[in-house]
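Below is one structure, written out as structure tokens, with a few remarks after it.
Nothing in this text is a laboratory measurement; each read-out follows from the coordinates by a stated rule. For clarity, every value in this text was computed on a predicted model and none was experimentally measured. Neighbour counts are summed over all protein chains in view; Cβ atoms, including those assigned to glycine, are modelled from backbone coordinates with ideal geometry.
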Amino acid sequence: MSLWEYANPVKFLGLSARVQPFLWAAAAICMVVGLVWGFFVTPDDYRQGSTVKIIYLHVPAALMAINAWFMMLVASLIWLIRRHHVSALAAKAAAPVGITMTLIALVTGAIWGQPMWGTWWAWDPRLTSFLILFLFYLGYIALWEAVEDPDTAADLTSVLCLVGSVFAVLSRYAVKFWNQGLHQGTSVPVATGGRTVSDVFFYPLALSMVGFGLLFLALVLYRTGTEIRLRRARALLARRKKDI
Amino acid sequence: MPDLGKYAAEVLGAYGLSLMLIAGLIVLSLRKGRRARADLARIEADKDA
């Protein structure tokens with residue numbers, strides 16, 4: 001069995017229908033437990049007070065905002081190299097999820113920043129690169145809507161996705177590239193494991209991060225199924241028009 | 001409800017807005033998915049008829 005078998009829409013929809021109930025259930029459990037644990041059970045931070053509770057939304061949303069773009073990058077590359085329609089449609093399906101996560105990260109960051117930094121916004125490297133990533137998401141979605149031919153739209157959006165990946169990388173590593181600005185460094189560096197967050201905050205945060213990741217997967221699978229059906233419906237209508 | 005102190009508005013605002021955005025995304029995705037499923041079923045039924 002090869003992974004490429006799932007480039008076949010029927011096989012993809014079959015697998016997707018089988019795994020989705022588990023993904024939705026696991027996402028709901030992890031998110032509810034993580035957020036309820038973080039909001040109701042964890043203590044206030046000695047310096048930030050109760051605003052530390054925003055971390056359970058802000059960090060997972062920011063993580064998924066960047067990861068969604070990387071998933072779109074991989075799907076776009078598969079489209080450009082192997083011309084599998086499902087991969088182009090998966091990238092299209094992920095964009096609204098990614099932009100929602102980016103918006104949540106920006107909004108919760110601003111709400112958190114106001115009492116802690118004394119400002120809603122600063123032209124800090126991480127904040128600015130995130131804003132640019134948000135604009136790339138907007139452009140990506142607009143381009144899909146603006147181009148009528150789906151294959152041309154997939155080509156153009158894939159190239160845009162490649163260009164935008166620079167800002168996705170910058171969003172992730174901006175605090176390391178430019179050691180300046182208001183935004184703190186990474187609290188949970190996955191690669192090194194040397195986290196700066198206390199266990200009492202970390203465990204509900206980790207659960208919330210897993211929940212956001214599973215929700216992203218469930219939504220992308222569901223939305224890709226929708227895009228496949230819309231494409232099939234358009235093809236059938238076009239064929240019928242041709243026959244008439 | 002935990003005592004959120006002087007930052008209650010910020011914390012509740014962040015949670016309210018985020019959960020509203022997530023719920024909106026899920027509802028819109030499900031609505032679009034249902035409509036696509038129904039449209040395709042109708043078109044395929046017309047084709048077979």
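So which of A:11/B:32; A:11/A:242; A:11/B:47; A:53/B:6 end up more than 18 Å apart by C-alpha? The answer is A:11/B:32; A:11/A:242; A:11/B:47. With Rh defined as the Kirkwood radius, the inverse of the mean 1/r over Cα pairs, the Rg/Rh of chain B is 1.47. Binning the alpha carbon pair distances of the range A:1-102 at 10 angstrom intervals from zero yields the distribution 13, 31, 30, 16, 8, 1, expressed in whole percent. When A:165, A:50, A:2 are sorted by how many other C-beta atoms sit within 10 angstrom of their C-beta, beginning with the fewest, the order is A:2, A:165, A:50. For A:161, A:30, the sequence from fewest to most other C-beta atoms within 10 Å is A:30, A:161. Considered as an equivalent ellipsoid built on the Cα gyration tensor, chain A has semi-axes of 36, 21, 15 Å, the largest given first. Compared with the dominant Cα axis of chain A, that is its longest principal axis, helix A:199-243 is turned about 20°.
Run the simple label-point estimate for residue A:17 and residue A:240 please: 7 Å along Cα→C-beta, distance reported in nm. Label-label distance for residue A:17 and residue A:240, simple model: 2.2 nm. Need one number: nm distance between label points at residue A:202 and residue A:37, each 7 Å from Cα along Cα→Cβ, rounded to one decimal. According to this spin-label approximation, the distance is 1.3 nm.
For the segment A:41-50, counting C-beta atoms of other chains within 10 Å of every residue's C-beta and taking the mean gives 3. The residue among A:104, A:215, A:33 whose Cα reaches farthest toward the positive pole of the charge dipole of chain A, with charges on the beta-carbon of Lys, Arg, Asp and Glu, is A:215. Loop sites only, by DSSP: take the trypsin sites (Lys or Arg not before Pro) in chain A that have at most 16 other C-beta atoms within 10 Å and name the longest stretch containing none of them. Of all site-free stretches, the longest is A:84-194. For chymotrypsin sites (Phe, Trp or Tyr not before Pro), no site in the range A:199-244 is both called loop by DSSP and has at most 11 other Cβ atoms within 10 Å. Evaluating 6.51 cos²θ - 1.76 cosθ + 1.60 at θ = phi - 60° for every residue in the range A:133-142, the Karplus couplings come out as 4, 4, 5, 5, 4, 4, x, 4, 5, 5 Hz, glycine and proline recorded as x. About its Cα centre, the range A:14-129 has a charge dipole of approximately 480 debye under the convention of +1 per Lys or Arg Cβ and -1 per Asp or Glu Cβ, with nothing else charged.
Applying both filters, DSSP loop and at most 13 other Cβ atoms within 10 Å, to the chymotrypsin sites (Phe, Trp or Tyr not before Pro) of the range A:68-134 gives A:120, A:123. Length gained on full extension, residue A:46 to residue A:74, computed as 0.36 nm times the residue gap minus the Cα-Cα distance: 5.9 nm. Going from the residue with the fewest nearby Cβ atoms within 10 Å to the one with the most, A:64, A:116 rank A:116, A:64. The residue among A:4, A:142, A:90 whose Cα reaches farthest toward the positive pole of the charge dipole of chain A, with charges on the beta-carbon of Lys, Arg, Asp and Glu, is A:4. Put a dot 7 Å past the Cα of residue B:34, heading toward its Cβ, do the same for residue A:147, and the two dots end up 3.3 nm apart. This model, with +1 at the C-beta of Lys and Arg and -1 at the C-beta of Asp and Glu, gives chain A a dipole about its Cα centre of some 720 debye. Among A:127, A:235, A:70, whose Cα sits farthest toward the positive end of the charge dipole of the range A:12-243 (+1 at Cβ of Lys/Arg, -1 at Cβ of Asp/Glu, about the Cα centre)? Of the options given, the answer is A:235.
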